[in-house]
Amino acid sequence: MWARTHCLWRSVGRLGRQVCTTSVLQARIFADRENQFAHGILMDSLKPYAILRPRDSAWQDLPASEGFMLPQPNASAADLYADFLGLVRHCNRLELQISDSRYVDFTRCFCEQLHRLTDEQLIGSLSALAELPAPESPKARNYMEIWNTLDIECCRRIERWSSEQLLLVSDAWYRIGLVRIGEYVWLALKKLGRKLRKLPPEQLVHSMFLCNLLRRPVFEMFDFELNLARCVDQMTLSELGVMAMGFFKTQTPIRNPELLTQIYQRLGSELDTVEDIVLVALLKVLRYSSKLPQVEPLKQLLNALESQVERVSLLTCLHMALLGCELQTCNDSLVERILLRFERELETARLKDMERICLVMALFNITTKSGVERRLSERLPDILRQRMEEILRHPRCLSNCLQFLTMRGVYDLELLGVALEPRFIKHAYPSGLPGREYFHLDGFARLLGQEYQGALVTEKQRQQMGRLYTQYIPERDGRFKLNSTDRILVEIRDAIALIHRPVTFKHILPQYDRCDIVLCYDHRQRKALSINAEACPDYSGEILTRRHLLGESRSADDQLATVIIVIAGWNNVIRDKERFTGQMDMKLRQLRQLGHQPLVIYWHEWRELENAADRQNFLRRRLSQVAKI
């Protein structure tokens with residue numbers, strides 16, 4: 001079998017030498033389609049958007065000046081502009097690149113005299129530049145000199161241009177495709193940011209569209225939110241979709257709960273007609289922004305989305321399934337419908353979409369009546385074998401898919417061996433420590449014992465992961481600020497210590513970042529035992545078995561219990577469902593596999609206990625139920 005694994009890895013290596021920039025191209029095509037759609041919303045609107053309309057194709061047939069062939073340094077601005085338009089027509093008619101040597105002299109003359117052009121001529125030059133045959137690159141000769149000089153001149157005029165003029169010129173730069181390369185749009189948005197709260201709706205949407213193109217916030221994004229809350233009712237759902245793209249691409253959550261509620265309501269009322277790209281944009285920003293107060297509108301939207309599964313694209317279905325992930329809120333019926341859709345169209349799904357649908361199945365830990373999650377999980381390893389070219393472009397998708405599948409109890413030894421192969425890890429993480437998913441995969445592979453004979457991460461890497469990926473051990477000494485779950489851990493440790501001592505904090509399974517409470521108990525002597533501290537160093541990355549806790553000689557003694565008290569926080573359970581998340585469920589299975597006895601205490605049941613006596617009685621009862629202590 002392992003010969004087959006190495007053969008599979010060699011085939012991946014051969015593909016690696018063949019693949020160049022395909023993944024970058026595909027990502028660019030997808031982003032361009034989204035941006036073109038958003039720009040189309042602005043163009044088709046009846047509102048007065050500052051959009052530079054494309055030139056009529058007939059302008060190419062108009063008589064053209066050929067003065068560019070003999071450039072005149074003292075030509076008037078009108079002649080200079082006419083000559084530039086003539087050059088663009090000449091390039092198009094003869095299908096020549098502007099980098100052609102015959103245009104060098106005019107390019108130099110045009111750049112030297114460009115500052116004399118009027119605002120209308122400057123915008124016209126930008127518009128004409130977009131009509132040229134596509135250059136080989138932004139750095140092509142002549143082309144780079146022209147756009148760079150235009151960029152400098154536009155920047156010099158920013159302070160005297162109105163908001164509408166700023167947006168019109170920005171739109172010209174969008175049509176050229178140089179928004180992120182030139183300086184103008186960035187500086188224009190900085191000026192617009194000074195009066196963002198006062199912009200009318202169409203200028204607000206247009207500004208956010210430009211932020212979406214830049215993919216970075218250029219000013220206090222909260223001003224966008226304030227203005228949006230004021231004029232949300234004046235926008236169409238498509239315009240709200242453009243706003244959502246900007247919030248998401250600049251990694252800015254919406255913090256206004258009333259505004260979020262309005263977006264939930266608007267989307268819910270127009271679900272039957274909303275277009276896919278708009279729906280995806282709104283679902284993304286709602287997932288990114290929603291907190292506990294939005295749980296109820298989230299549930300209502302999940303219910304309403306059920307009827308849309310067959311109408312929308314597979315990618316949109318995926319984002320519908322992902323919507324409740326941040327708040328562990330699952331509509332089982334909706335997820336089952338989406339999984340059935342994926343089952344039918346799995347062959348056409350992208351690798352990244354497979355990764356994310358695996359996340360949905362793993363996180364929600366769902367068991368459907370149709371059994372689609374089991375069939376889909378069992379099919380995926382074979383599908384992954386057919387996607388080696390994609391895997392090479394996105395190697396972390398493979399490790400993430402395999403990690404999520406292990407949470408469903410599905411694993412493929414061959415693919416596991418490929419993912420843990422040192423060369424593949426180096427390919428996925430060329431300049432640093434492997435990601436957290438490798439900590440999980442390596443721990444899972446080690447727990448397979450003799451069944452798995454493939455590669456593992458090195459001991460040094462595992463120790464580094466243990467220091468980096470495991471959370472601190474909580475104490476009341478003030479070194480670290482305790483969150484709510486940490487406080488519960490400390491309270492339970494202190495309460496148990498009044499009944500059985502010693503108890504201690506340890507990362508039994510260090511791939512899970514939070515530590516647990518360990519109680520070793522001797523049923524014969526009816527007392528707690530100390531753990532073997534030398535064999536259980538903190539943050540070492542070591543999986544702690546009974547041998548580590550009790551020592552070699554006592555590890556097989558069935559009268560010695562190792563009880564692991566695990567806190568189930570709100571993010572470890574599916575909201576309003578009687579089940580854990582996939583990761584929590586897997587942790588409990590692995591603890592049992594190691595011979596430990598996990599005792600789960602929910603955060604809410606501990607908080608309901610009013611005094612110390614109630615807490616001790618509760619712990620005595622639970623310890624008796626789980627470990628007969």
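The values are calculated or read from the model by the stated rules, or taken from the named source; none is laboratory data. It should be emphasised that the depicted structure is a prediction, and the values quoted were computed from it without experimental measurement. Ideal geometry is used to build each Cβ from the backbone, glycine not excepted, and the neighbour counts take in all protein chains shown. When the accessible area is computed, the model is the full protein with side chains, heavy atoms only, and any ligands, DNA or RNA have been set aside. Shrake-Rupley method; radii C 1.70, N 1.55, O 1.52, S 1.80 Å.
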Does the range 85-142 hold any residues that are without any contact (Cβ under 8 Å) to a residue 60 or more places away in the chain and among the polar types (S, T, N, Q), and which are they? 92, 97, 99, 101, 107, 113, 118, 121, 125, 137, 142
Sort out which residues of the range 251-266 are assigned to a helix (DSSP H, G or I) and either farther than 18 Å from residue 323 by Cβ or over 22 Å from the mean Cα position of the chain (by Cα) (or both), and write them in order of number. 257, 258, 259, 261, 262, 265, 266
So for the range 559-567 (the condition being farther than 23 Å from residue 404 by Cα and without any contact (Cβ under 8 Å) to a residue 12 or more places away in the chain), does at least one residue qualify? no
All but one of (1) at pLDDT 95 or above; (2) closer than 30 Å to residue 285 by Cβ hold for residue 198; state the number of the condition that does not hold. (1)
Matching residues in the range 159-171 - criterion: being surrounded by 17 or more Cβ atoms within 10 Å (Cβ to Cβ) and either among the polar types (S, T, N, Q) or farther than 28 Å from residue 99 by Cα (or both): 163, 166, 167, 170
On the given criteria, is residue 277 crowded, with 19+ Cβ neighbours inside 10 Å, touching an Asp or Glu at 6+ places or on another chain (Cβ under 8 Å) and either in a helix (DSSP H, G or I) or at negative phi (or both)? yes
Would you confirm, using the coordinates I've provided, whether residue 271 is more than 14 Å from residue 35 (Cα to Cα), at pLDDT 95 or above and assigned to a loop (DSSP other than H, G, I, E, B)? yes
Is it true that some residue in the range 180-198 is farther than 18 Å from residue 35 by Cβ, among the aliphatic types (A, V, I, L, M), open to solvent by 10 Å² or more (accessible area, probe 1.4 Å) and under 30 Å from the mean Cα position of the chain (by Cα)? yes
Taking the range 573-629 and keeping only residues that are surrounded by fewer than 17 Cβ atoms within 10 Å (Cβ to Cβ), of a type in the set (Ser, Thr, Tyr) and in contact (Cβ under 8 Å) with a residue 24 or more places away in the chain, one is left with 602
Pairs, please: C-beta under 7 Å, at least 6 apart or cross-chain, first residue more than 14 Å from residue 367 (Cβ to Cβ) and in the range 330-352, second open to solvent by 10 Å² or more (accessible area, probe 1.4 Å) and among the basic types (Lys, Arg)? 343/375; 346/379; 351/387
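Residue-by-condition table, conditions (1) over 30 Å from residue 337 (Cβ atoms); (2) over 23 Å from the mean Cα position of the chain (by Cα); (3) part of a helix (DSSP H, G or I):
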{"site": "380", "(1), (2), (3)": "no, no, yes"}
{"site": "410", "(1), (2), (3)": "no, yes, no"}
{"site": "416", "(1), (2), (3)": "yes, yes, yes"}
{"site": "426", "(1), (2), (3)": "yes, no, yes"}
{"site": "433", "(1), (2), (3)": "yes, no, no"}
{"site": "441", "(1), (2), (3)": "yes, no, yes"}
{"site": "472", "(1), (2), (3)": "yes, yes, no"}
For the range 353-367, name all the residues that are surrounded by 18 or more Cβ atoms within 10 Å (Cβ to Cβ) and not aliphatic (A, V, I, L, M). 353, 355, 356, 358, 364, 365
In the range 515-533, residue farthest from residue 499 (Cα to Cα) [restricted to those that are in contact (Cβ under 8 Å) with a residue 40 or more places away in the chain and part of a loop (DSSP other than H, G, I, E, B)]: 515
Pick from the range 29-88 the residues that are assigned to a helix (DSSP H, G or I) and open to solvent by 80 Å² or more (accessible area, probe 1.4 Å): which of them is modelled with the lowest pLDDT? 29
For the range 474-503, which positions are open to solvent by 10 Å² or more (accessible area, probe 1.4 Å), under 21 Å from residue 550 (Cα atoms) and in a helix (DSSP H, G or I)? 493, 497
Out of all the residues in the range 534-545, which are part of a loop (DSSP other than H, G, I, E, B) and open to solvent by 60 Å² or more (accessible area, probe 1.4 Å)? 537, 538, 539, 542
Which one is farthest from the chain's Cα centre (by Cα) among residues in the range 504-513 that are outside any strand (DSSP E or B) and modelled with pLDDT of 95 or more? 508
Filter the range 89-121 for residues that are in contact with a Ser or Thr (Cβ under 7 Å, 6 or more places away or on another chain) and either buried (at least 20 other Cβ atoms within 10 Å of the Cβ) or farther than 18 Å from residue 79 by Cα (or both) and give the result. 114, 117
Here's a check for you: in the range 294-323, which residue that is under 20 Å from the mean Cα position of the chain (by Cα) and of a type outside the set (A, V, I, L, M) is nearest to residue 348 (Cα to Cα)? 313
Out of (1) at pLDDT 95 or above; (2) more than 19 Å from residue 210 (Cα to Cα); (3) touching a His at 6+ places or on another chain (Cβ under 9 Å); (4) hydrophobic (A, V, I, L, M, F, W, C), the one residue 167 does not meet is (2)
Do we find that residue 574 is touching a strand residue (DSSP E or B) at 6+ places or on another chain (Cβ under 7 Å) and aliphatic (A, V, I, L, M) in this structure? no
Which numbered condition residue 570 misses (of (1) more than 29 Å from the chain's Cα centre (by Cα); (2) of a type outside the set (Ser, Thr, Tyr); (3) surrounded by 14 or more Cβ atoms within 10 Å (Cβ to Cβ)): (1)
Expected output for the range 458-482 (first residue under 10 Å from residue 541 (Cβ atoms), partner in a helix (DSSP H, G or I) and open to solvent by 40 Å² or more (accessible area, probe 1.4 Å), Cβ below 9 Å, 6+ apart or cross-chain) is 465/436; 468/436; 469/436
Are any residues in the range 238-272 crowded, with 19+ Cβ neighbours inside 10 Å and aliphatic (A, V, I, L, M), and if so, which ones? 240, 242, 243, 244, 245, 254, 260, 263, 267
Within the range 421-438, is there a residue that is among the aromatic types (Phe, Trp, Tyr), open to solvent by 30 Å² or more (accessible area, probe 1.4 Å) and within 27 Å of residue 573 (Cα to Cα)? no
Spot the failing condition for residue 307; the list is (1) open to solvent by 10 Å² or more (accessible area, probe 1.4 Å); (2) under 24 Å from residue 275 (Cα atoms); (3) part of a loop (DSSP other than H, G, I, E, B), and only one is missed. (3)
